[in-house]
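Scroll down for the structure; my scribbles are underneath it.
None of the figures in this text is laboratory data; all of them are computed from the coordinates on show. The model shown is predicted, which means the values in this text are computed figures rather than measured ones. Don't worry about glycine lacking a Cβ; one is built from the backbone with ideal geometry, like all the others, and counts go over all protein chains shown.
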Amino acid sequence: MRYCAVIGCTNNTKHLQNWRKQFCATHQRVFGTCYCKPPFHLHSFPTERSDPDTRRKWIRAVNRKKTDSSNWQPTAYDRVCSRHFKDGEPSLKNPYPTEILGYEQLPLVRQSTARLSVYQRVAERPEVPAAESGEGQETTASHLVQPKADAETDNSQKFDHTYVFSCKCTEDCSCSGCIVLHKQNLDLRNELEELKLLQSGKSKQVASSKSTEQFTDSLTKTDVDVKRYTGVPTKAAFDALVTYLSPRAARLQYWTGKKTTATPARTKFGPRSPKKTGPLRKLSPREEFLMVLLKLKLNIPIYFLASLFSVSIGLVSRILNTWIKFLASELQHLVFWPEKEVVRQSMPTNLKQKYPTLRCTIDCTEVIIERPRNLELQAVTWSEYKHHNTVKFLVAISPNGMICFLSKAWGGRTSDRVITRESGFLNLIDPGDLILADRGFTIREDLLLLRAHLEIPQPSKGLEQMRRADTMKTKKIANARIHVERAIGRMKWFQILQGTLPISMVPLIDDIIIICAAIANLLPPLVT
C-alpha cells in the first residue's frame, strides 16, 4: 500500500480504492468509471539517478526523523500527496512540497526582538490628515510625549493596518509601498489568467465528454437503433453486456504493440492483473464498447470514429486492438458445443422427421482480405473460388440454427477437408451422429472411423442428367443445409466481414469471427 509520507497526513491508496467504489450522484455510476477527479493524487519521490537534487529537497521539506534521530530516507511505498503542493502537483513554478507539512516552518529572515521606543514608533507613522485626526490640530512634540501604555493603546486601535491611509503618490510613483502593491496586482492578474485558462480547459473537456455521452445515448435509444448500429438484438441485451463487461474493462491495459505492452506477471493462481493500467481514460467502458461494435457492424473508418468520439486516431486504434481481444475472450462462451440430449430436445419437428440423428450442419466461408506483399502469403491466401486473397474458416450449426463451432482462419487456398481435419471438429463427434455438408467435404472415411455418418449431395460432374432418386436426395439435403447459409449470413451481417479486410486487421480475424458469431447467437433461433 502506498501512503503519504508527510507527518499527520493519512492519504493512501486504500482511501482511493474506497473512493472509486462509492456512487457518484452526478454521473449515476461509481467514481471509478465516471469523469470526477479523485480527491488527491500520490506523487512518488524523484529517484537518486534521475534527479538527486530535487529528491533531497523533497526529503528536507518532509522533515521526518527516525526513532534514533537519524536521517530518514523514503522507501518504495512512500509518496507525497497533491494537497502538499501549491499547484496540486509538482510544477515548474512550484516543484517542491510546501503546504500543510505537519510542522511549523521557520521564517526565512529572523526579525530582531529589540523593542522600539514609543517615540520611534510614532515618528515612523505616516502623517494623519487633520480631517481624520478628530481634533483638527497638528501633531506636536508635546502631543507625542504620552505615557507608554496610552501610546500602545492608541497604536493598536488606530494604526494597526497600513491600508487605512490614503496614498498621495503620483501615477509614476516608485516608493516601496507602491512597488509592493504593483507586484501584488501583477501576481493576482497572472493567477486570474491561469485560473481562466484552467477553467476553459475543464469546460471544454466536460463539454466534449457530455457531447460524447449524448451521442452514445442517441445511438442506443431504442431496440431498432441498437440492432441497426451494433448488431445486438435489443437495448436490454446491450445494457446487460455493458454491465457484465464494465468491471473487467475497468482494469484493461491498452495494447500499444508487442514490444511495449507488458505481459502480466504470473503467480501460482494464474496471471496477475497489472497494477498500473496507463493514463486516465478519456472514454467510459460503455463508449469504448459502442465504438468497437460500430467498427464491426458498420465498418466505419478509424479516422471517422475518432471524429465521432472526439479522440485521436491512435487512441481509437489502441481501443480496437484491446477490446477485440477482450470481447473475444469474454464472449467465446456463447459459441459452445451442446450435448446430444440438448440437440434432440431442441430439434425442429421437420428436421426430426427427416434426420432424427442429425448433430450439426457444416460449411466453410471466406472473407476477402487485402493482397499481402509477401509472395508466399499471396499464394497461400489465393482463392480460386473467389478470385481474391481470402481467409477461410469452418462453421458448424446445431439443428435449431445456433452456431456451435468455429475453426481458426486459414488461407483461402486450403481445402474444406484439411480445415475440417485440422480444426479439431472431428474430436467432438460421437458415435451415431449424422453430419450434413456440401460436396467439397470428402470426410466420409474419417467419420466412418468414428462410427458417424455423412450426408452430402450426389455428385453431378460429368452427368447430363441426374436420376430422380439422386435429385430428390439432393433437394432434401439442400433444404436442410440452407440454414447454415442463413447462420453465416447472420455473421456477415457485420460489414467488416463483407468488405475487404485491411491487412493490419488480419491478425485479429479469429477474434472478430468469435465476436460476430457470439452476437449472432443472441438473436432468436433460426429454425423453430
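Worth a mention:
- Convex hull per residue volume in Å³, alpha carbons only, for segment 322-433: 132
- Here the Debye sum runs over all C-alpha atoms of segment 1-85 as equal scatterers in vacuum, and log10 of I(q)/I(0) at q = 0.15, 0.23 Å⁻¹ comes out as -0.64, -1.09.
- Environment charge at Val367 (Cβ cut-off 10 Å; Lys +1, Arg +1, Asp -1, Glu -1): +2
- Taking other residues whose beta carbon is less than 11 angstrom from the beta carbon of Tyr385, and scoring Lys, Arg as +1 and Asp, Glu as -1, yields 0.
- Three semi-axes describe the equivalent ellipsoid of segment 375-518; taken as square roots of 5 times the Cα gyration tensor eigenvalues and ordered largest first, they are 27, 19, 16 Å.
- P(r) tail fraction, segment 278-320 - alpha-carbon pairs more than 13 Å apart, %: 48
- Simple spin-label estimate for Gln495 and Lys473 in nanometres, 7 Å along Cα-Cβ: 4.4
- Geometric descriptor of segment 1-47, per residue, is 91 Å³ (volume of the convex hull of the Cα atoms).
- Rounded to the nearest Hz, the phi-derived 3J(HN,Hα) couplings of segment 243-248 under the Karplus curve 6.51 cos²θ - 1.76 cosθ + 1.60 (θ = phi - 60°) are 4, 6, 8, 4, x, 6, where x marks glycine and proline.
- Applying 1/(1 + (r/R0)^6) with r as the Cβ-Cβ distance of Arg444 and Ile503 and R0 = 41 angstrom yields a FRET efficiency of 0.65.
- With both labels modelled 7 Å from their Cα along Cα-to-Cβ, the Arg228 to Asn94 distance reads 5.3 nm.
- Across Lys221/Lys282; Lys86/Lys183; Lys408/Lys476, pairs whose alpha-carbon gap is larger than 26 Å: Lys408/Lys476
- The residues packed around Asn71, meaning those with a beta-carbon under 15 Å from its beta-carbon, carry a net charge of +4 if Lys and Arg are +1 and Asp and Glu are -1.
- Kirkwood hydrodynamic radius of segment 442-491, Cα pairs, Å: 12.8
- DSSP-loop chymotrypsin sites (Phe, Trp or Tyr not before Pro) across segment 316-400, with at most 14 other Cβ within 10 angstrom: Phe336, Tyr385
- Full-extension gain in nm, Arg20 to Leu522, via 0.36 nm per residue minus C-alpha separation: 177.5 nm
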